[in-house]
Every structure is written in structure tokens, then in C-alpha cells.
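K.L.:
Encoded as C-alpha cells, here's the structure I'll be asking about.
The values are calculated or read from the model by the stated rules, or taken from the named source; none is laboratory data. What you are looking at is a predicted structure, and each value in this text was computed from that prediction instead of being measured. Every residue, glycine as well, gets a Cβ built from its backbone with ideal geometry; the counts of neighbours run over all protein chains shown. Just the protein is used for accessible areas: all its heavy atoms, side chains included, with ligands, DNA and RNA removed. Shrake-Rupley method; radii C 1.70, N 1.55, O 1.52, S 1.80 Å.
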Amino acid sequence: AQTVTQSQPEMSVQEAETVTLSCTYDTSESDYYLFWYKQPPSRQMILVIRQEAYKQQNATENRFSVNFQKAAKSFSLKISDSQLGDAAMYFCAYSYYTGANSKLTFGKGITLSVRP
Amino acid sequence: DTEVTQTPKHLVMGMTNKKSLKCEQHMGHRAMYWYKQKAKKPPELMFVYSYEKLSINESVPSRFSPECPNSSLLNLHLHALQPEDSALYLCASSQDPSLLRVEQYFGPGTRLTVT
């Protein structure tokens, strides 16, 4: 069974600093996608970044980047130059193909607070 | 445009009421999803529609009844709910359910309270 583990329930970062959110997953599949979703207090789930498992190059989106270690099944999110608007719950998610559909498996999430 | 809309934003209903939640997307996506989310928890998948056909039902109680009238619309009909069904109900869509490269786009959700 595919599982996604986010072991840190909460983290805090000073504004303008860098923070890394950890995520590990377990799968026997070779082809899959990994995602980080952000859910601010307004509750709208927003896609932050995605990574294709077959790509060795780590994905980046402006201040957000990932460290994808396929052998270690690790997928961490780095937020550079943290801003107050980055405060949210962050979910790591894994997508796999079931034969007819793809499904998202979410980690438990981590609450990130940003100190001014 | 990556917008998924949901109505209503908030809903309060009694245990004997019948109500419906509505979700709409105009991105040409062929897969649509219903999730239930409790506070500070990840979303839990309820149903998946693929090309307007129900393809996944995650053992959801029959008091929740999904419907997909067309490729842009997804409804969730509610009847005889329990207080523990109070949650945020999220709708999502993705481009093609048979592809792996299918990030899901979420709507803002409907906050449901069952009294």
C-alpha cells in the first residue's frame, strides 16, 4: 500500500528565512507523481509544486523547491525568503495509477507559522 | 483558468433534511472528485467520476449520493446525515484520469454543519 508520512505536525520560521518541510513515502510503483499542496486558513487547497518520479531534476517554482531523493523515498519542500502569506497547512501527496484512475494519497499535513 | 467553483459556501442542515452540494469546472477536465475534510486533517476521498461515470466509491454511506449530470458539473446529494458528517466538503478535478500527470485542482469547499 502507498503511504505518505509527514512526521512533523508543526513548524515555525522567521520571515525572510528558509524552511524545509519533510515528507517520506512508501511505494512499489516506478511511475508516480509527488505534490505539495498548501491550504491557508481560508481553506482553499492550492497546488504548490509537483515532481515526476522519472525526472531526476528537482522541481522549482519561484521561492519553492523540492529535494527529491527517489532511492530514499524522500520529498522535502524548501521555502526560501519566507513570507507571512506562506503560513498555512502543507500537505505532501502521492499520485499513482490504479488501472482506471489516478488517486491522491495525502500525508497528515504540517502547520507552518511565519513569525514577523 | 484553473478554477473549480463550489456552492454553497456554507450549509447548515438538520438530520432529516435533504440538500445538495454543487461543483463546477470549465477546464475540460474529465475526472472529478469529492473529498471530506475534518479540521487539521488531510482530505479523505469519497467518490471519483471518470468521463461522467462513477469509477471509485470509497465505501461511503448511502446517505451521500453523487451525481455527474455532465462533464462540467458534479453534485453531492445529502439525506439523513449525522452530526459526525459535519466537515468541509471539497470538490476537485483533473485533466485525464488515465494519465499519471494529473494534478488535482480543488474548489474552495462547502462548510457543512449537521444539527
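K.L.:
Quick query: amide H of A:ILE49 versus all other amide H atoms, modeled in the peptide plane; which residues come in under 5 Å with a sequence gap of 5 or more or a different chain?
P.N.:
A:TRP36
K.L.:
Under the Kirkwood approximation applied to all pairs of distinct alpha-carbon atoms, what is the hydrodynamic radius of chain A in Å?
P.N.:
Roughly 14.4 Å, rounded to one decimal.
K.L.:
Same structure again: If N is the number of residues in the protein assembly as shown, what value comes out of its Cα radius of gyration divided by 2.2 N^0.38 Å?
P.N.:
1.02
K.L.:
Let me ask something else. Provide the per-residue ³J(HN,Hα) series for region B:72-77, in order, calculated from phi with Karplus coefficients 6.51, -1.76, 1.60 and θ = phi - 60°, each as a whole number of Hz, with x at glycine and proline positions.
P.N.:
9, 10, 9, 10, 10, 8
K.L.:
A follow-up question, please. So what is the diffusion coefficient of region A:3-55 in µm² per second by Stokes-Einstein at 25 °C and 0.890 mPa s, using a Kirkwood Rh over Cα pairs?
P.N.:
This corresponds to a translational diffusion coefficient of 183 µm²/s.
K.L.:
Among the aspartates and glutamates, which have Cα under 12 Å from the Cα of A:LYS108 when same-chain residues fewer than 8 positions away are ignored?
P.N.:
Answer for A:LYS108, where 12 Å is the Cα cut-off: A:GLU10, B:GLU44, listed by chain and number.
K.L.:
Rounded to the nearest 10 Å², what accessible area does A:TYR97 show when all protein chains are kept and the probe is 1.4 Å?
P.N.:
The accessible area of A:TYR97 comes to roughly 90 Å².
K.L.:
What are the ³J(HN,Hα) couplings of region A:65-75, residue after residue, when phi is run through the Karplus curve with 6.51, -1.76, 1.60 and θ = phi - 60°? Round to Hz, x for glycine and proline.
P.N.:
9, 10, 10, 9, 10, 5, 5, 8, 6, 10, 8
K.L.:
Sticking with this one: How big is the B-A contact in terms of buried accessible area, both chains counted, 1.4 Å probe, rounded to the nearest 100 Å²?
P.N.:
Buried surface at the B/A interface: approximately 2200 Å².
K.L.:
Still on this model: Considering amide H positions built from the backbone, and no H for Pro or chain starts, which residues 5 or more places from A:LYS108, or on another chain, come under 5 Å of its amide H?
P.N.:
The answer is A:GLN6.
K.L.:
Please list the non-local residues whose amide H lies under 5 Å from the amide H of A:ALA88, H modeled 1.01 Å from N, same-chain partners needing a gap of 5 or more.
P.N.:
Excluding prolines and chain starts, which carry no amide H, the hits are A:LEU112.
K.L.:
Hey, another quick one. List, in order, the whole-Hz ³J(HN,Hα) value for each residue of region B:23-35 obtained from phi through the Karplus relation with A = 6.51, B = -1.76, C = 1.60 and θ = phi - 60°; use x for Gly and Pro.
P.N.:
Residue by residue, region B:23-35 yields 9, 9, 9, 10, 9, x, 6, 9, 10, 9, 9, 10, 10 Hz.
K.L.:
With a cut-off of 8 Å between alpha carbons and a minimum separation of six or more residues, what is the relative contact order of chain B in percent?
P.N.:
37 percent
K.L.:
Please list, short to long, the whole-number percent of alpha-carbon pairs of region B:52-97 in consecutive 5 angstrom bins beginning at zero.
P.N.:
Histogramming region B:52-97 at 5 Å steps yields 5, 15, 30, 27, 14, 7, 3 percent.
K.L.:
Would you please name the GluC sites (Glu not before Pro) within region A:16-55 that are DSSP coil residues with at most 16 other C-beta atoms within 10 Å of their C-beta?
P.N.:
Passing both the DSSP loop test and the Cβ count: A:GLU17, A:GLU29.
K.L.:
What percent does the relative contact order of chain A come to when contacts are Cα pairs within less than 8 Å and at least six residues apart?
P.N.:
For chain A, the relative contact order is 37 percent.
K.L.:
Tell me the Rg and the Dmax, in Å, that the Cα atoms of region B:21-115 produce.
P.N.:
12.8, 41
K.L.:
Name the residue, out of B:PRO42, B:PRO66, B:PRO83, whose mean-square fluctuation peaks in a Gaussian network model built on chain B with Cα pairs under 10 Å.
P.N.:
In this elastic network of chain B, the residue with the biggest mean-square fluctuation among B:PRO42, B:PRO66, B:PRO83 is B:PRO42.
K.L.:
I would also like to ask the following. Note down the accessible area of A:LYS55, probe 1.4 Å, to the nearest 10 Å².
P.N.:
The accessible area of A:LYS55 comes to roughly 90 Å².
K.L.:
Lysines within cross-link reach of B:LYS18: Cα-Cα under 30 Å, excluding same-chain residues under 8 positions apart?
P.N.:
A:LYS103, B:LYS9, B:LYS36, B:LYS38, B:LYS40, B:LYS41, B:LYS53
K.L.:
Determine how many Å³ per residue the convex hull of the Cα atoms of region A:32-86 encloses.
P.N.:
Hull volume over Cα atoms, normalised by residue count, gives 83 Å³.
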